1. Of the trypsin sites (Lys or Arg not before Pro) in the range 125-182, which ones lie in a loop per DSSP and count no more than 16 other C-beta atoms within 10 Å?
2. Given a 1.4 Å probe and heavy atoms of the protein chains only, how would you sort T40, T124, largest accessible area at the top?
3. Expressed in nm to one decimal, what extension gain is obtained for the pair F230 and V61 from 0.36 nm per residue of sequence separation less their Cα-Cα distance?
4. How do D164, D46, D32 rank by accessible surface area computed with a 1.4 Å probe, from largest to smallest?
5. Just grab the label-to-label distance for S132 and D216, each label 7 Å out from Cα along the Cβ direction, in nm (one decimal).
6. Report, to the nearest whole %, how much of the accessible area of the range 1-158 belongs to carbon and sulfur atoms, 1.4 Å probe, protein only.
7. Excluding residues on the same chain fewer than 8 positions from K125, give the lysines whose Cα lies under 23 Å from its Cα.
8. Accessible area per residue for the range 1-94 in Å², computed with a 1.4 Å probe and the full protein assembly in place, what is it?
Amino acid sequence: MNQEKIGSFIAQCRKERNLTQSQLAEKLNMSDKSVSKWETGKGMPDSSIMLELCNYLGISVNELLSGEHLREEQYQEKANENIINIAKESDQNRKIKNRIIIVIISVLLCLIVTVIVNNLYENTKINVDYDSRLVECKIENDNIVCSFNGSSLVKLSSQKVNTDEETLIFINGKMLLQNKIHSHFETWDSMAQLNSGETPKFNSGLIIDKNRDIIDCKERIKVYYTNVSFNKIKNANQNELQEIIEHSHLIAEK
C-alpha cells in the first residue's frame, strides 16, 4: 500500500468534511500528532480505529486503503488488490519480526557463551607437572613440608591413603588457567633454570602436621607428587593404587 497516497487522501477527506486535524483527533480520542503522521505518510491508522475513521470521513475502508474515491465497478478489483497487499505486508512484517527474534536470540546466546567461557577461563584449574628442580619435600619431626619453588601462583594440596604397611601422602599442584595463559613461559623451564645456589623469588608451600592433619599415620611414610585426581586416589583399589604410584613421583619418605 502507498502510505503517502493514503495520507493525502485522509487529508483531502478531512478537509472536505471541514475538520481540522485536532477535531478529527478528538473524535477518535487520539492526538493531532497521530493524524498528522497519517497525512504525511509516516504511519497508518490502526485497524482498531480504521472503521470509525472512515465513518467520520464518509468513505469506505476499501477507499481508505486504495487512497482514492472509487466508482462502483472498481470496488471488487480494488478490494482484491488491498487484500493481497495486506497479506504481503503481513508476510513481510512476520519475516522482519522473525529476523529480529533470530538476531536477539543469537546475541543472547553469544553473551551466554561469553559468560560461560569467561567463567571457565577465570576459574578452571590445571595441573602443574612435576619438576624435580622446583618441587621440594621434607619430613621433619611431626611435619611434612612441601614447596613449589619459583611461583606464588601454584597451590599445593594433599591426600592421605593408609595401607596395611605405610601411609601414602599424595601432593598435587594446580594453578588457574588464566594465570598460566598470562604467564610469559610455555613450560616451567624458565622458572626451573635457576643458577646454582640462587634463591627463587617465589615459593608456594604446604605444611602437613601429622598430629593434626593426617592422624592415624603409619610409622612409614611416603610422599608422592601426582597429577591423578584425589577422588580417584580415594576410591582406588590395591591394583589401581599401585598403578597410580607407578605414574607418580616419590619426593620424600621416612
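The values are calculated or read from the model by the stated rules, or taken from the named source; none is laboratory data. Everything numeric in this text was worked out from a predicted model, so none of it was measured. Methodologically, a virtual Cβ is constructed for each residue, glycine included, from the backbone with ideal geometry; neighbour enumeration extends over all protein chains shown. With ligands, DNA and RNA removed, areas are computed over all heavy atoms of the protein, side chains included. Shrake-Rupley method; radii C 1.70, N 1.55, O 1.52, S 1.80 Å.
1. On the way: sites: K125, R133, K138, K155, K160, K174, K180; in loops: R133.
Sites meeting the loop and neighbour criteria: R133.
2. Values: T40 75, T124 50 Å².
Greatest to least solvent exposure: T40, T124.
3. Using 0.36 nm per residue and subtracting the Cα-Cα distance, I get 53.1 nm.
4. Highest to lowest solvent-accessible surface, that is D164, D46, D32.
5. Reported label-point gap for S132 and D216 is 3.5 nm.
6. 52
7. K155, K160, K174, K180, K201, K232, K234
8. That works out to 62 Å² per residue.
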